[in-house]
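> Take a look at the following structure, please.
FYI, it's all coordinate maths here, none of it is from the lab. Not measured: the values here are computed from a predicted model. Don't worry about glycine lacking a Cβ; one is built from the backbone with ideal geometry, like all the others, and counts go over all protein chains shown.
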Amino acid sequence: MSAATARPKIELRGISKTFRWDAKGRHHEVHALDGVDFAIWPNEFVSIIGPSGCGKTTLLRVVASLTEVDAGEVLVDGRRVSQPGPERAMVFQQFGLFPWKNVLDNVKFPLLVGKRSDREATDVARAQLARVGLERFELSHPHQLSGGMQQRVGLARALATDPEILLMDEPFGAIDAQTRELMQEELMRLWSESLKTVVFITHDLDEAVTLSDRILVLTRAPGKVRTVVDVTLPRPRWEYDVRKHADFAEVRQRIWALLRGDLQAQAEEEARAGKAESVAR
């Protein structure tokens, strides 16, 4: 969606963040983000990719107002936000389920916190569990479910509050490759039905190209915007083998070419640091 037809759903303006702490008598600083500017349009699916430690998760937490910035601002629908809100929901890699609650109660939890009645929360939770194919497991506990099923519960919980924005931090990183592909397809279907705005963190180039409308590529730390890559593969992408489409390899290779230099430089820097530490010992 272009600027001519709508204002951005999310605007990042000059986002910078440095983490500072003291340990063992020394002061430490990690520069995570440096002047990130980016706009995400309504109903868009945007992935963020970059070298390890480049600030991807920090940026997502900034959008969720879970991490404060040193400079810059986040706008949602043109309004500056600095506190978590019901229009934004997070889905984490490690599922974040309460082990003592059954599936139904896990999905109900944010609704009850939001002062919904138990009856209404139950109805909404059951509807969301049906959307992700887990209606038969509402009385099961997390330890009785596979990793993919647990992530479906996490997704159902995020969708239960009907947020406008889904913030997803490597949600499929902890599940096996075959289940991951099924979850990607399921996410595409859910997104096409709800047309929510999705911001998705991943290390997986294939995953980013498969899912996204655009891919934000960050530099190595401190993370800056290196470029934004448009993905124009036809949708719906679950109706064909998207990885065999003629444009898939071209888009993937373009992103890899952007990342490769940073990854090599990062590996060399880490090797030098390790050698220096070994000498110091």
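> Cβ-Cβ below 7 Å, separation at least six or inter-chain, first residue in segment 248-267 and touching a residue at least 24 places away in the same chain (Cβ under 8 Å), second part of a helix (DSSP H, G or I): which pairs?
That search, which allows pairs on different chains as well, returns Phe248/Val209; Phe248/Val242; Val251/Val209; Arg252/Leu205; Arg252/Asp206; Arg252/Val209; Ile255/Leu205; Trp256/Leu205.
> Pick from segment 61-77 the residues that are over 16 Å from the mean Cα position of the chain (by Cα) and crowded, with 19+ Cβ neighbours inside 10 Å: which of them is nearest to Pro236 (Cα to Cα)?
Among residues in segment 61-77 that are over 16 Å from the mean Cα position of the chain (by Cα) and crowded, with 19+ Cβ neighbours inside 10 Å, the one nearest to Pro236 (Cα to Cα) is Val76.
> For segment 96-133, give me each residue that is in contact with a helix residue (DSSP H, G or I) (Cβ under 9 Å, 6 or more places away or on another chain), without any contact (Cβ under 8 Å) to a residue 40 or more places away in the chain and under 21 Å from Asp169 (Cβ atoms).
Gln128 - this is the single residue of segment 96-133 that is in contact with a helix residue (DSSP H, G or I) (Cβ under 9 Å, 6 or more places away or on another chain), without any contact (Cβ under 8 Å) to a residue 40 or more places away in the chain and under 21 Å from Asp169 (Cβ atoms).
> Within segment 78-95, count every residue that is part of a loop (DSSP other than H, G, I, E, B), in contact (Cβ under 8 Å) with a residue 40 or more places away in the chain, surrounded by 15 or more Cβ atoms within 10 Å (Cβ to Cβ) and not aromatic (Phe, Trp, Tyr).
2
> Which condition does Lys108 not pass, out of (1) under 19 Å from the mean Cα position of the chain (by Cα); (2) outside any loop (DSSP other than H, G, I, E, B), if it passes all the others?
(1)
> Taking segment 226-276, which residues are surrounded by 11 or more Cβ atoms within 10 Å (Cβ to Cβ) and part of a strand (DSSP E or B)?
Arg226, Thr227, Val228, Val229
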